[in-house]
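Undergrad: Can you keep this structure in mind? I'll have questions shortly.
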Amino acid sequence: MSKGIKVSIEGVDVKTATDKELLISSQFDTAKVKVTGTLDLELPEEDVSGGFVVHTATVAHGFSDIPLYSPTTRGNLYGLDEFLGGDYIAKISTGGDYIVNDISEVRIPAAAYSSATVGEMASVFIDSTNLILQVDRFEFFGSPVTFGARKATLYYTIFYNRIDEEFDLL
């Protein structure tokens with residue numbers, strides 16, 4: 001008899017339940033939480049013209065290998081990933097503070113500007129030392145755009161699991 005914890009779905013005997021009929025089983029692999037937290041990035045009011053400005057905030061994860069993390073940000077803003085690389089989400093260039101976890105691609109309602117030429121992108125990624133929140137502000141027409149001062153907030157979770165390790169939830 002093996003030891004562990006099992007919880008079955010309502011109406012199913014936990015002693016005879018199949019794996020798919022279990023809500024919880026200590027025999028399943030899971031993402032193991034190391035730490036959760038908040039990372040704030042204070043963005044200044046600034047003019048951007050003909051390029052981009054990068055702001056970052058980091059938190060050390062304390063591993064020698066790269067761990068799993070959440071949230072990951074995936075998106076494609078009009079093919080700009082070849083310019084800026086990585087995973088990102090767009091945020092409009094006007095407005096106040098925002099939570100990175102809550103945003104998705106947004107077209108900028110800015111008079112003469114196209115959302116492919118003016119914007120603010122929040123990226124979340126990890127390396128062997130830190131979890132990184134990066135905000136890129138860009139303007140590719142050469143006309144100065146003023147970005148307002150605001151705060152970008154990220155609620156994150158870092159897991160014990162490594163990014164290159166497979167695990168089976170069922």
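The values are calculated or read from the model by the stated rules, or taken from the named source; none is laboratory data. Keep in mind it's a predicted model, so treat the numbers as computed, not measured. When we count neighbours, we look across all protein chains shown, and the Cβ atoms used for this are built from the backbone with ideal geometry, even at glycine.
Undergrad: Pull up region 15-40, narrow it to residues that are in contact with a helix residue (DSSP H, G or I) (Cβ under 9 Å, 6 or more places away or on another chain) and not in a strand (DSSP E or B), then point me to the one that is surrounded by the fewest Cβ atoms within 10 Å (Cβ to Cβ). Please lay out each step first, then the result.
TA: We begin by selecting, within region 15-40, every residue in contact with a helix residue (DSSP H, G or I) (Cβ under 9 Å, 6 or more places away or on another chain); these are 25, 27-28, 39.
Then keep just the ones that are not in a strand (DSSP E or B); that gives 27-28.
On the way: Q27: 11, F28: 14.
Ranking the qualifying residues of region 15-40, first place goes to Q27.
Undergrad: While we're here: Would you mention how many residues in region 113-159 are among the hydroxyl-bearing types (S, T, Y), in a strand (DSSP E or B) and either more than 30 Å from S8 (Cβ to Cβ) or modelled with pLDDT under 85 (or both)? Write out each step before concluding.
TA: Residues of region 113-159 among the hydroxyl-bearing types (S, T, Y): 113-115, 117, 123, 128-129, 143, 146, 153, 155-157.
Subset that is in a strand (DSSP E or B): 123, 146, 153, 155-157.
Checking the rest, the ones that are also either more than 30 Å from S8 (Cβ to Cβ) or modelled with pLDDT under 85 (or both) come to 123, 146, 153, 155-156.
Matching residues across region 113-159 total 5.
Undergrad: R107 - would you say it is at pLDDT below 75, of a type in the set (D, E, K, R) and more than 17 Å from the chain's Cα centre (by Cα)?
TA: yes
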